[in-house]
1. Would the range 13-33 turn up any residue that is more than 17 Å from the chain's Cα centre (by Cα), loosely packed, with under 12 Cβ neighbours inside 10 Å and at pLDDT 95 or above?
2. Looking for whichever is among the basic types (Lys, Arg) and in contact with a helix residue (DSSP H, G or I) (Cβ under 9 Å, 6 or more places away or on another chain) here; the options are Arg82, Arg95. Which one fits?
3. Specify the residue that is surrounded by the fewest Cβ atoms within 10 Å (Cβ to Cβ); the eligible residues are those in the range 68-110 that are touching a residue at least 24 places away in the same chain (Cβ under 8 Å) and under 15 Å from Gly28 (Cα atoms).
4. Before we move on, is Glu75 within 24 Å of Arg105 (Cβ to Cβ), within 14 Å of the chain's Cα centre (by Cα) and part of a helix (DSSP H, G or I)?
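The values are calculated or read from the model by the stated rules, or taken from the named source; none is laboratory data. This structure is a prediction, so every number in the text was calculated from the model and none was measured. Glycine gets a Cβ as well: all are built from the backbone with ideal geometry, and neighbour counts include every protein chain shown.
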Amino acid sequence: MLSQRRVHATIPTADLAAARAYYEGVLGFTPYQVLDTAVLYGAGEGTLFAVSRGSGTASGSHTQMAFTTPDIEAEVAELRARGVNLLEYDLPGLRTVGGIAPLGRSRAAWFADPEGNLIGVLQIAEPEG
């Protein structure tokens, strides 16, 4: 059943070469597999994501992919050191301070890739009880 399988995100791009420069050069990912129209990248714990050439454009209005971390401050600091601009929000129910927003007991930060795909970084609290 699908509920027992790992899930992987696919991020659209109009310019695969530029996307590779960002995901590899700025974020530090190494290609897992390079195809004519997509590049698959390995991430933690055996997960993968793809950056795939497509005609769609990112709306930037919702998170398209997110990475979980046990230490969001360290991840945010590393991203900033790599030149990534974290997004700041001041909306009803969502306010970032130093790029990090509380989400109940969890916390999150966001940045956009060069095409406007919204990427999240999440520190998820353990369930209570």
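1. yes
2. The conditions single out Arg82.
3. Of the range 68-110, the ones touching a residue at least 24 places away in the same chain (Cβ under 8 Å) are 68-73, 75-76, 79, 82-87, 100, 107-110.
If we keep only those that are under 15 Å from Gly28 (Cα atoms) as well, we get 75-76, 79, 82-84.
Values: Glu75: 18, Val76: 21, Leu79: 19, Arg82: 11, Gly83: 9, Val84: 19.
Filtering the range 68-110 for residues that are touching a residue at least 24 places away in the same chain (Cβ under 8 Å) and under 15 Å from Gly28 (Cα atoms), the one surrounded by the fewest Cβ atoms within 10 Å (Cβ to Cβ) comes out as Gly83.
4. Numbers: within 24 Å of Arg105 (Cβ to Cβ): yes; within 14 Å of the chain's Cα centre (by Cα): yes; part of a helix (DSSP H, G or I): yes.
Yes.
For (1) modelled with pLDDT of 95 or more; (2) closer than 21 Å to Ala43 by Cα; (3) not aliphatic (A, V, I, L, M), each residue gets a yes or a no:
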{"position": "Gly60", "(1), (2), (3)": "no, no, yes"}
{"position": "Ala74", "(1), (2), (3)": "yes, yes, no"}
{"position": "Leu79", "(1), (2), (3)": "yes, yes, no"}
{"position": "Val84", "(1), (2), (3)": "yes, yes, no"}
{"position": "Glu88", "(1), (2), (3)": "yes, no, yes"}
